[in-house]
1. Are any residues in region 36-63 surrounded by fewer than 21 Cβ atoms within 10 Å (Cβ to Cβ), of a type outside the set (Asp, Glu) and in a helix (DSSP H, G or I), and if so, which ones?
2. Quick one: residue 33 ticks every box in (1) open to solvent by 20 Å² or more (accessible area, probe 1.4 Å); (2) free of Cβ contacts under 8 Å to residues at least 40 places away in the same chain; (3) over 13 Å from the mean Cα position of the chain (by Cα) bar one, so which box is it?
3. Suppose we keep only residues that are of a type in the set (Asp, Glu) and surrounded by 14 or more Cβ atoms within 10 Å (Cβ to Cβ) within region 222-251. Which one would you say is nearest to residue 190 (Cα to Cα)?
4. Collect the residues in region 17-26 that are within 13 Å of the ligand (Cβ to nearest atom) and closer than 17 Å to residue 77 by Cβ, keeping them in residue-number order.
5. Could you check, for region 184-206, whether at least one of its residues is open to solvent by 30 Å² or more (accessible area, probe 1.4 Å), among the acidic types (Asp, Glu), within 11 Å of the ligand (Cβ to nearest atom) and in contact with a helix residue (DSSP H, G or I) (Cβ under 9 Å, 6 or more places away or on another chain)?
6. Name the residue, out of 59, 78, 43, 14, that is in contact with a strand residue (DSSP E or B) (Cβ under 7 Å, 6 or more places away or on another chain), away from the ligand (no atom under 16 Å from the Cβ) and either farther than 27 Å from residue 155 by Cβ or not aromatic (Phe, Trp, Tyr) (or both).
7. Within region 16-27, is even one residue over 21 Å from residue 219 (Cβ atoms) and within 17 Å of the chain's Cα centre (by Cα)?
8. Test residue 159 against the stated conditions and say whether it is within 11 Å of the ligand (Cβ to nearest atom), open to solvent by less than 50 Å² (accessible area, probe 1.4 Å), at pLDDT 95 or above and not in a strand (DSSP E or B).
Amino acid sequence: MTTISLITGGSRGLGRNTALSIARRGGDVVFTYRSRREEADALVAEIGALGRTAVALALDTGEVASFAPFAERLRTALRESWGRETFDHLVNNAGHGDYAAIAETTEAQFDGLFDVHVKGVFFLTQALLPLLADGGRIVNLSSGLTRMAHPGFAAYAAAKGAVEVLSVYMARELGARGIAVNTVAPGAIETDFGGGAVRDNAELNRSFAQATALGRVGVPDDIGPMIASLLSPDNRWVNAQRIEVSGGQGL
Ligand SMILES: NC(=O)c1ccc[n+]([C@@H]2O[C@H](COP(=O)([O-])OP(=O)(O)OC[C@H]3O[C@@H](n4cnc5c(N)ncnc54)[C@H](OP(=O)(O)O)[C@@H]3O)[C@@H](O)[C@H]2O)c1
């Protein structure tokens, strides 16, 4: 049976690449977008051209009150597009960066990061548990910044650290249903993230590249196929792990 993977934040960057990588391996996809409807429609068409089915649903992962109605929209989409009551993989990917030194971080910046990266991941997963198939998988996105301390990322990295702990607890509690949960922690990747700084700021790009064993920063193609392969049956016994995907950054 074809698998159905739900990816949050699929309209751009790593989520988009993950959705395409899963489709290239023969999986179907539901992905969410927050604001960029046109990008979402383009991705649905691109996955359709690969011969796979994709559905795009709007979602703000910082709005916990929207998760119950979102679960109902997902239930309807699963029935209408696949005749199914469940999906197989949840990839909690959506998120933003907010760069500020500890001395300058505002409460609003801190809350914005924790609302999306921690509270959103916790309660969206909770809301979707009845729809996630037994034997399914969850992948939560963290960051290399939980291991390497870069000034300006304290609140962001603390939120991602919480996600890593949460992943282990999810694995422990959901193991009874055969659900494996892992964290993927990318290094610096060229996307729109953080205003596109890794991609567009030549000095930053060079400094991350020099700090990486493989001698460059990452691109989305370094991450999406890895997540797609992690979700394949080949990796069914990998559970409760933090897997850093950074080309060997900050060794
Ligand atoms: N790029 C890196 O260097 C890097 C490194 C380590 C970890 N990560 C993590 O990887 C994940 C993806 O990052 P990326 O590089 O792909 O970023 P990106 O290119 O900026 O894309 C972010 C995606 O998340 C969505 N999104 C952001 N905030 C959202 C919210 N509140 N509700 C719903 N959707 C939201 C965006 O939707 P719209 O398009 O609709 O706005 C977009 O699809 C994030 O969790 C990030 O923390 C990134």
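1. Taking region 36-63 first, the residues surrounded by fewer than 21 Cβ atoms within 10 Å (Cβ to Cβ) are 36-39, 41-42, 44-46, 48-53, 57-58, 60, 62-63.
Filter once more, so that each one left must be of a type outside the set (Asp, Glu): 36-37, 42, 44-45, 48-53, 57-58, 62.
Within region 36-63, 37, 42, 44, 45, 48, 49 meet the criteria.
2. Going through (1) open to solvent by 20 Å² or more (accessible area, probe 1.4 Å); (2) free of Cβ contacts under 8 Å to residues at least 40 places away in the same chain; (3) over 13 Å from the mean Cα position of the chain (by Cα) one by one, residue 33 breaks only (3).
3. Filtering region 222-251 for residues of a type in the set (Asp, Glu) gives 222, 234, 244.
Filter again for surrounded by 14 or more Cβ atoms within 10 Å (Cβ to Cβ), leaving 222, 244.
Numbers: 222: 10, 244: 16 Å.
Filtering first and then ranking leaves 222.
4. 19 - this is the single residue of region 17-26 that is within 13 Å of the ligand (Cβ to nearest atom) and closer than 17 Å to residue 77 by Cβ.
5. yes
6. Values: 59 fails: away from the ligand (no atom under 16 Å from the Cβ); 43 fails: away from the ligand (no atom under 16 Å from the Cβ); 14 fails: away from the ligand (no atom under 16 Å from the Cβ).
Criteria check complete, one pass: 78.
7. Quick first cut of region 16-27, residues over 21 Å from residue 219 (Cβ atoms) only: 26-27.
Those still in the list that are within 17 Å of the chain's Cα centre (by Cα) too: 27.
Yes, region 16-27 has at least one match.
8. On the way: within 11 Å of the ligand (Cβ to nearest atom): yes; open to solvent by less than 50 Å² (accessible area, probe 1.4 Å): yes; at pLDDT 95 or above: yes; not in a strand (DSSP E or B): yes.
Here the answer is yes, as residue 159 does meet what is asked.
The values are calculated or read from the model by the stated rules, or taken from the named source; none is laboratory data. Values in this document were obtained by computation on a predicted structure and should not be read as measured data. Cβ atoms come from the backbone with ideal geometry, glycine included; neighbour counts cover every protein chain shown. With ligands, DNA and RNA removed, areas are computed over all heavy atoms of the protein, side chains included. Shrake-Rupley method; radii C 1.70, N 1.55, O 1.52, S 1.80 Å.
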